[in-house]
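Written below as structure tokens is the structure these notes are about.
The values are calculated or read from the model by the stated rules, or taken from the named source; none is laboratory data. Computed from a predicted model, the values in this text were never measured in an experiment. As a convention, Cβ positions derive from the backbone with ideal geometry for all residues, glycine included, and neighbour counts pool all protein chains shown.
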Amino acid sequence: MLTVGSLFSGIGGFDLGLERAGMQVKWQVEIDPYCLKVLEKHWPHVRRYTDIKTVDWSTIEPVDLVCGGFPCQPVSVAGKRKGTADERWLWPEFVRCLGILRPRYILIENVPGLLTANDGLAFAEVLRDVAACRYDAEWSSACAGAFGLPHVRERVWIFAYSASKRWDIFTSQSRSSSFDQSKLLQAHKSSGYRWQRKNGGHSVESVGWSIEPAIRGSHDGIPDELDKARVHAIGNSIVPQIVTWIGRQIIHADAGR
């Protein structure tokens, strides 16, 4: 079983998705007090660390895979897009972890704005640092709608590995048919669904796909028990179904090495 270390864990979207794929979470790093309470509830036996800037990685248990979505505010199109000049640009802390722990695999998530921030230099920095740590990388974008959820929520995913042979997990012929971007794009252009809560239940009306989820609970990929979580915590989370799909591709490819 592949083991996982989770950076910028939030409320555990990465962790939940990779566990569903068949991996085991060994430790988490998260600074937000509310998110920490959620992690403590659902992963009571997993070791947690708070401020990533103060973690002594030489004392941390090595894992097979390190995952995380470092803060997107510096590159998001909704912000000022200072990119690497933003004090919230915490990618260097991610790299510091990789340089010491040397995991076999790396899985990174961020908003599409990462590709264009600083005229592309922010993304170039990520790829440069991954290569400097002696990893090969591949990347792709995936939308929540491609996995059956009623919104777009496009995100960029980067998978890196310490090997010379390219894996191409995002374009593998063995991938699940549920990952079909062409169908998503067609749905986005024509019609989709928007969920609404009425009298404690759900109703559905035919409309165009929304860019981001309404954040109402399980229909956005978040378990029901987190339905009352703070909006910012859920809003910053990722879609576990996408992570599960990627995790299964990693496990399948790892077994065939």
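In table form, for the structure just shown:
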quantity: Tally, over the stretch 26-61, of residues that are β-branched (Val, Ile, Thr) and touching a strand residue (DSSP E or B) at 6+ places or on another chain (Cβ under 6 Å); calculated: 4
quantity: Inter-residue pairs, beta-carbon under 7 Å, first at pLDDT 95 or above and in the stretch 87-103, second among the hydroxyl-bearing types (Ser, Thr, Tyr), 6+ apart; calculated: ILE100/SER58
quantity: Considering residues of the stretch 103-116 that are in a loop (DSSP other than H, G, I, E, B) and under 23 Å from CYS143 (Cβ atoms) only, the residue nearest to the chain's Cα centre (by Cα); calculated: VAL111
quantity: Count of the stretch 78-102 residues which are part of a loop (DSSP other than H, G, I, E, B) and under 18 Å from the mean Cα position of the chain (by Cα); calculated: 3
quantity: Test for VAL63: is it farther than 23 Å from GLU87 by Cβ, β-branched (Val, Ile, Thr) and not in a loop (DSSP other than H, G, I, E, B); calculated: no
quantity: Residue within the stretch 33-41 that is in a loop (DSSP other than H, G, I, E, B) and either within 16 Å of the chain's Cα centre (by Cα) or not small (Gly, Ala, Ser) (or both) present; calculated: no
quantity: ILE158 being modelled with pLDDT of 95 or more, under 20 Å from TRP245 (Cβ atoms) and either in contact with a Leu (Cβ under 7 Å, 6 or more places away or on another chain) or buried (at least 21 other Cβ atoms within 10 Å of the Cβ) (or both); calculated: no
quantity: Residues of the stretch 22-43 satisfying the condition of being among the basic types (Lys, Arg) and either closer than 13 Å to GLY10 by Cβ or exposed (fewer than 14 other Cβ atoms within 10 Å of the Cβ) (or both); calculated: LYS37, LYS41
quantity: The stretch 117-128: number of residues that are under 16 Å from LYS80 (Cα atoms) and either basic (Lys, Arg) or touching a residue at least 12 places away in the same chain (Cβ under 8 Å) (or both); calculated: 4
